[in-house]
Amino acid sequence: MTQLSLPVEDLVSFHNLPEKARDKKKKLKSEPKPEGKAKKKDKGKAAVQDGETQRQRGKENNMPVAEEREIKSDKRKEKKKKDSKKKKEKNSSEHYEIQQQDPQTSSVIVKLEPDEDGDFAPAKKQSKGKKRARQGEAGELSKSKKVKLEEDADGVETETKPQKKKKIKKEEGNKKPKKEEGAIKAKKKTQEEKEAAAALKLKKKEEEEQMRWRWWEEEKYEDGIKWKFLEHEGPVFAPPYEPLPDSVKFYYDGKPLPLSLQAEEVASFFAKMLDHEYTTKEIFRNNYFMDWRKEMTLEERMVITDLAKCDFTEMFTYYKGKMEEKKNKSKEDKLKIKEENEKLLQEYGYCSMDHHRERIGNFKIEPPALFRGRGDHPKQGMLKKRILPEDIIINCSKDSKIPEPPPGHKWKEVRHDNTVTWLASWTENVQGSVKYIMLNANSKLKGEKDWEKYEVARKLKHHVVTIRKTYRENFKSKEMKVRQRAVALYFIDKLALRAGNEKEEGETADTVGCCSLRVEHIKLYPELDGDKYVVEFDFLGKDSIRYYNKVPVEKQVFKNLQLFMENKQEGDDLFDRLSTPLLNKHLQSLMEGLTAKVFRTYNASITLQQQLQELTDPEESMPSKILSYNRANRAVAILCNHQRAPPKTFDQSMANLKSKIDAKKEQILLAKKELKEAKKEAKEKESEKLNKVVESKKRGVQRAEEQLMRMEVQATDREENKQIALSTSKLNYLDPRISVAWCKKWTVGLEKIYNKTYRDKFAWAVDMTETDFIF
DNA sequence: TACTCAACTTAGAAACCACGTC
DNA sequence: GACGTGGTTTCTAAGTTGAGTA
């Protein structure tokens with residue numbers, strides 16, 4: 001697997017960064033620890049010695065959620081009525097509040113709003129660098145190349161690509177009026193077809209909207225109850241293994257070797273992955289071979305003793321061919337497959353929850369395969385066994401129609417537990433963890449939780465000043481435990497680090513979060529590049545994604561870190577007196593419902609809100625506004641360290657886009673020259689006809705410039721997004737109401753920033769948010 | 001209180017699909 | 001119509017949290 005290594009600190013110069021220096025410590029880890037948190041048990045002892053802080057539940061915001069929500073809902077409805085009345089009165093004379101903004105600050109800033117001490121201003125180096133970089137980019141673009149796009153009554157850009165095409169074609173048509181009648185008819189027909197399809201789509205959309213369960217207008221169930229009625233058809237099992245044709249052979253030591261069905265199936269899993277990096281990794285190969293041998297007959301096991309002597313290429317070619325075949329199927333065949341899938345989805349992909357039809361997220365059982373653990377996962381390559389009905393626990397209501405197991409099979413258990421959200425579960429064999437079949441993200445259960453999550457994060461806004469003050473005071477606590485807790489919390493807050501649970505050694509990849517940071521993950525510099533008290537972080541976080549960042553910290557934090565590292569060596573825990581349960585317990589005492597991960601949500605959302613405010617220029621064109629949104633989104637993605645592998649085709653597609661831009665520039669130059677000549681000629685001859693030609697050429701130049709501007713914006717956006725994944729923050733950390741309010745305020749079509757999945761997931765926010773929403 | 005585990009959220013990769021271009 | 005590209009959807013691994021248990 002590709003290991004990403006994009007430093008948070010500087011996206012531009014990441015190629016120049018020092019090589020990651022880890023891979024050492026494992027042997028050190030097993031050595032005894034100096035004191036305190038030798039391993040899990042010792043930590044607990046430390047907690048006892050230190051004594052516990054009294055739980056002080058916050059006295060504010062004690063209103064039950066349901067009650068609060070009801071009041072809010074009523075208020076919203078009332079407000080909505082008023083607003084719509086106002087809107088009608090105002091009719092189309094909508095105007096917008098224009099805010100004074102400094103475009104110089106429209107940079108990708110990796111941090112938060114200033115707190116009471118102004119401490120949380122972005123690290124100088126970071127913001128300065130970014131600002132400089134940005135001034136030469138779309139900052140200038142948006143200023144110098146204003147584009148006037150056609151806007152509809154709501155001010156939304158309406159000139160879609162097909163429409164533009166139509167327009168161009170129309171112009172061409174005028175130039176060449178002698179088109180063949182048949183061709184015109186055909187065009188008309190396709191046009192009609194298109195219109196019909198669009199109408200159908202619209203109708204479907206309206207129907208969907210009508211069908212939507214507006215759960216957010218209903219009262220929530222009492223604590224713990226997730227549903228009162230649940231009925232479903234059970235999961236869909238993986239199709240049975242299809243044996244290889246006789247012509248496709250497996251070779252061992254250069255000779256064909258027929259395999260038993262079971263061994264052949266497991267061999268096929270490896271063969272299918274032959275072009276994947278996984279199959280070159282030693283751990284993967286070893287684990288695979290060990291598990292494969294377990295599936296072999298005694299005879300096979302006697303013969304096949306070395307994976308290096310196994311030749312799967314014929315099998316690999318066969319499966320590749322199958323894939324090709326599938327790709328090259330006729331339109332009819334593809335349609336047939338699509339219909340079959342749709343049928344399956346309609347039958348098994350939905351459940352009835354409290355008599356509302358809800359989409360299931362993952363109704364198909366994971367097929368048998370090789371385990372693809374990320375990073376240096378010690379279990380990668382192990383066989384994930386086929387799941388049978390006998391492994392499945394079904395959860396549904398007593399009074400529902402119990403799903404039928406496949407013929408000849410029975411369920412492991414059928415239970416009726418309405419305090420959980422899952423419909424079916426099984427225990428997988430590689431890690432022994434439980435897997436679930438749950439509802440889709442747009443369901444009531446998921447949506448309700450999501451809404452709650454953002455409400456907790458908003459609540460933190462009112463407590464954060466006190467919390468920051470408290471942890472700063474604790475930097476000087478006499479208790480080591482308290483000091484460590486304070487510094488860890490400072491990092492979680494300032495850098496949006498994850499909590500960092502303890503992990504079983506050797507069971508998973510060696511990744512860490514804040515509380516599980518080890519000595520080798522940070523370096524301290526009393527002074528670095530003109531900054532004082534710099535901490536350099538370098539560790540693998542969730543999914544083995546590298547976190548690399550150099551951050552100037554407060555003097556007391558720096559001194560504490562020096563203290564925490566005293567007499568410790570690589571492999572030792574930095575926060576040896578701290579664990580996530582201890583930290584979360586403390587957070588609960590500061591604010592009800594507060595846990596470490598709430599800081600990530602809070603800081604992500606507040607950053608988006610601030611960045612949108614800073615970056616949005618009321619005067620700029622629609623594409624530039626969208627670029628600003630993406631940049632705000634990007635600032636959050638950088639904060640949360642959401643990375644992705646650059647798309648395989650990135651360089652090529654970028655080069656294509658650049659050559660298109662060059663071509664467009666040429667075209668503009670030529671068009672301008674022609675315009676100049678036409679103007680001259682029209683002036684000389686004073687002809688009405690020539691004046692019209694001038695006007696037409698003017699429009700041509702303008703159109704080409706608009707196209708160029710759009711391409712340039714696209715190129716900037718794409719370049720900046722090369723290694724950053726925007727979707728994760730958009731989907732999980734950004735309060736959707738901020739985005740919806742922004743769209744409404746600047747009359748940007750919501751579909752420009754949210755695709756259908758997002759709009760469905762955030763239907764509750766779309767429905768309830770007004771322009772004045774503040775996180 | 002320590003520990004385990006179920007239940008749920010968060011995450012990136014891969015597969016899929018629609019659309020534009022030639 | 002083939003092909004390439006990029007957005008969307010699906011898949012499932014990898015986290016966090018809280019409840020139960022000894």
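The values are calculated or read from the model by the stated rules, or taken from the named source; none is laboratory data. The shown structure was predicted, so the numbers you read here are calculated from the model rather than taken from an experiment. No Cβ is skipped: glycine too gets one built from the backbone with ideal geometry, and neighbour counts run over all protein chains shown. The area values use the complete protein model at the heavy-atom level, side chains included, leaving out ligands, DNA and RNA. Shrake-Rupley method; radii C 1.70, N 1.55, O 1.52, S 1.80 Å.
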Legend entry - Cα-Cα separations in the stretch A:251-327 greater than 15 Å, expressed as whole percent: 56
Legend entry - Estimated inter-spin distance, A:E314 and A:K398, nm [label 7 Å along Cα→Cβ]: 6.0
Legend entry - Under 5 Å, built H, 5+ apart or other chain: amide partners of A:T427: A:K435
Inset, instruction - Return the subset of A:K249/A:K338; A:K660/A:K689; A:K326/A:K379; A:K272/A:K446; A:K449/A:K542; A:K658/A:K697 for which the Cα-Cα distance in this structure is over 30 Å, preserving the input order. - result: A:K249/A:K338; A:K660/A:K689; A:K326/A:K379; A:K272/A:K446
Inset, instruction - Compute the distance in nm between two label points, each set 7 Å from the Cα along the Cα-to-Cβ direction, one at A:S477 and one at A:Q667. - result: 6.5
Legend entry - Ranked by how many other beta carbons lie within 10 Å on average, peptides A:382-392, A:289-299 from highest: A:382-392, A:289-299
Legend entry - Ranked by how many other beta carbons lie within 10 Å on average, peptides A:329-335, A:355-361 from highest: A:355-361, A:329-335
Legend entry - For the stretch A:313-431, accessible area per residue (1.4 Å probe, heavy atoms of protein chains only), Å²: 60
Legend entry - Point-to-point label distance, A:K294-A:R415, nm (Cα→Cβ direction, 7 Å offset): 2.5
Legend entry - Two-site FRET efficiency, A:I225 against A:Q588, from Cβ-Cβ distance with R₀ of 22 Å, rounded to 0.05: 0.45
Inset, instruction - Go through A:L517, A:L257 and list them by solvent-accessible area, largest first, probe radius 1.4 Å. - result: A:L257, A:L517
Inset, instruction - Could you tell me the distance between the Cα centroids of the stretch A:661-728 and the stretch A:582-632, to the nearest Å? - result: 38
Legend entry - Whole-Å distance, taken between Cα centres, linking the stretch A:405-457 and the stretch A:503-527: 32
Inset, instruction - Give the long-range amide H neighbours of A:Y251: residues separated by 5 or more places, or on another chain, with amide H under 5 Å away, using H modelled in the peptide plane at 1.01 Å from N. - result: A:L257, A:D311
Legend entry - FRET E, pair A:L307, A:N328, Förster distance 30 Å, beta-carbon r, rounded to 0.05: 0.35
Inset, instruction - Per residue of the stretch A:701-711, in order, report the coupling 6.51 cos²θ - 1.76 cosθ + 1.60 (Karplus, θ = phi - 60°) as ³J(HN,Hα) in whole Hz, putting x for Gly and Pro. - result: 5, 4, 4, 5, 5, 4, 4, 4, 4, 4, 5
Inset, instruction - May I ask you to give the percent of accessible area on the stretch A:251-327 that is carbon plus sulfur, with a probe radius of 1.4 Å? - result: 57
Legend entry - Estimated vicinal HN-Hα couplings, Hz - the stretch A:207-212 in sequence order (Karplus 6.51, -1.76, 1.60; Gly, Pro = x): 4, 4, 4, 5, 6, 4
Inset, instruction - List the residues whose amide H sits under 5 Å from the amide H of A:L230, counting only those 5 or more places along or on another chain, with H placed 1.01 Å from N in the peptide plane. - result: A:D354, A:S397
Inset, instruction - Could you tell me what percent of the accessible area of the stretch A:563-618 is made up of carbon and sulfur, with a 1.4 Å probe and every protein chain present? - result: 46
Legend entry - Added length on full extension, which subtracts the Cα-Cα distance from 0.36 nm per residue, A:V465 to A:R703: 80.6 nm
Inset, instruction - Return the sequence-ordered ³J(HN,Hα) values of the stretch A:374-382 in whole Hz as given by the Karplus equation 6.51 cos²θ - 1.76 cosθ + 1.60 applied to θ = phi - 60°, using x for Gly and Pro. - result: 8, x, 9, 6, x, 9, 4, x, 5
Legend entry - Debye intensity ratio I(q)/I(0), log10, the stretch A:660-775, q values 0.13, 0.20 Å⁻¹ (C-alpha model): -0.71, -1.03
Inset, instruction - Would you mind calculating the relative contact order of the stretch A:251-327 from Cα pairs under 8 angstrom and at least 6 residues apart, reporting the percent as a whole number? - result: 49
